[in-house]
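First up is the structure itself, then whatever we jot down about it.
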Amino acid sequence: MTRMAALPAPGPLDGRPMAGGLPLSEATADEAAAWLTLLMSGEASEDDRHRWQRWRSAHPDHERAWTHIEAVTGRFKHMVPGAAYQALSPYAKAAPASPGRRQALNLLLWGGLAGTAGLLALRTPMGQQALAQHRTGTGEQRDLTLADGTRITLNTGSAVDLRFDARQRRLRLVAGEVMVLTAPDARPFIVDTAEGSIRALGTRFTVRQWEGRTSVAVLESAVEITPLDATTRPTVLRAGERTSFTRSSWDAASALAEQDAAWTRGQIVADGVRLGDFMAELGRYRRGFVQCDPAVADLRFSGVFPLHDTDRILSTLPNVLPVQVRLRTRYWVTVEAAP
């Protein structure tokens, strides 16, 4: 993420990963979190530890990120690795817990690491997601009926906040993806994202928050889209259409594709898709680290797969492509060229 030099020096609440008082790239923060997940799972092999040490020494930022992690998690060193993993990681399959406890565990990893100069601050998307009114974990979907009778479905790793009053009904999509089926009501129903707003015109539609853009697909009726910084009138998207938009503009509408709402049916659809893109999407539904070797990322394939069984999806790939699936642990999967 680039910033103009005229901006103030980064701080713990400006939304960037931090370590040692200096900013980190989001890629380095993600890699550090992946290594933390693996090492604290209690399942890291000797080879994994050698690769982790090579990663640390490959760049000064890697060492700085890990030094910070060690400083913050030092209080857990008396615990055996598996127990520490259960305490720290949102990937751990812990016993059923209350929403407050789940939130505390999530913040312990992502918010607790923030501190004064933490790896991730509470105003980052991860922190906001942990504090949202309604949310889902990795691989989880959730149906909700709102006070006005509107029905929503949250997809994996999603979070929303609601604000209903006498004049309007507003849903803020903090992260992930939501399907909305609005109930009749005199008050407008509006979905807010980081890029703008979508006003329902008596409709069923899906909204997904991406990095720097929002995508919308309309299944019934229509919606009105208003980017935050747009200088033109709002655009209307009708049933059977989809588009994406930024803070200042939107793409031309196109016809819905089968994969646009497949997740609402518990499916993931590949239609001539790149393997690298498919694995990135699959990673939203599987706990841990999912990686595709660049050597096979451009291979293309088609198929319809059940989202509730990612192990089955992974086992199918070698049957349709010249690849192998390597599981370092159940939380670390790599798809690479077949030998």
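Sorting Val160, Val304 on the 10 Å Cβ count, fewest up front, what's the list?
Val304, Val160
Considering only DSSP states other than H, G, I, E and B, which trypsin sites (Lys or Arg not before Pro) in the stretch 208-261 qualify as loop sites with at most 15 other Cβ atoms within 10 Å?
Qualifying residues, ordered by number: Arg247.
Can you pull out the chymotrypsin sites (Phe, Trp or Tyr not before Pro) in the stretch 167-226 that DSSP calls coil and that have at most 16 other Cβ atoms within 10 Å?
For chymotrypsin sites (Phe, Trp or Tyr not before Pro) across the stretch 167-226 that sit outside H, G, I, E and B with at most 16 neighbouring Cβ atoms in 10 Å, the list reads Trp210.
Please name which of Val325, Ala297, Ile313 has its Cα lying farthest along the dipole of the stretch 294-333 towards the positive end, using unit charges on Cβ (Lys, Arg +1; Asp, Glu -1) and the Cα centre as origin.
Val325
May I ask you to derive the FRET efficiency for Glu281 and Arg233 from their Cβ-Cβ distance with R0 = 41 Å, giving the value to the nearest 0.05?
That pair, Glu281 with Arg233, gives E of 0.75.
How do Glu177, Glu70 line up, fewest other C-beta atoms within 10 Å first?
In increasing order of surrounding Cβ atoms, one gets Glu70, Glu177.
How about the stretch 196-252: which GluC sites (Glu not before Pro) there are in a DSSP loop, with at most 13 other Cβ atoms within 10 Å of their Cβ?
Glu211
Using a simple charge model, +1 on the beta-carbon of Lys and Arg, -1 on the beta-carbon of Asp and Glu, nothing else, what dipole does the stretch 266-337 show about its Cα centre, in debye to the nearest 20?
Computed about the Cα centre, the dipole is about 280 debye.
In µm²/s, what is D for the stretch 219-339 at 37 °C and 0.692 mPa s, where D = kT/(6 pi eta Rh) by Stokes-Einstein and Rh is the Kirkwood radius from Cα pairs?
Estimated diffusion coefficient is 199 µm²/s.
Please work out how much length the chain gains when fully extended from Ala337 to Asp251, using 0.36 nm per residue of separation minus the C-alpha to C-alpha distance, in nm with one decimal.
27.4 nm
For a footprinting-style exposure proxy, rank Phe289, Phe245 by other Cβ within 10 Å, fewest first.
Phe289, Phe245
Where a number appears in this text, it was derived from the coordinates with a stated rule and is not lab data. Because the structure is predicted, anything quoted here is derived from the model rather than measured. As a convention, Cβ positions derive from the backbone with ideal geometry for all residues, glycine included, and neighbour counts pool all protein chains shown.
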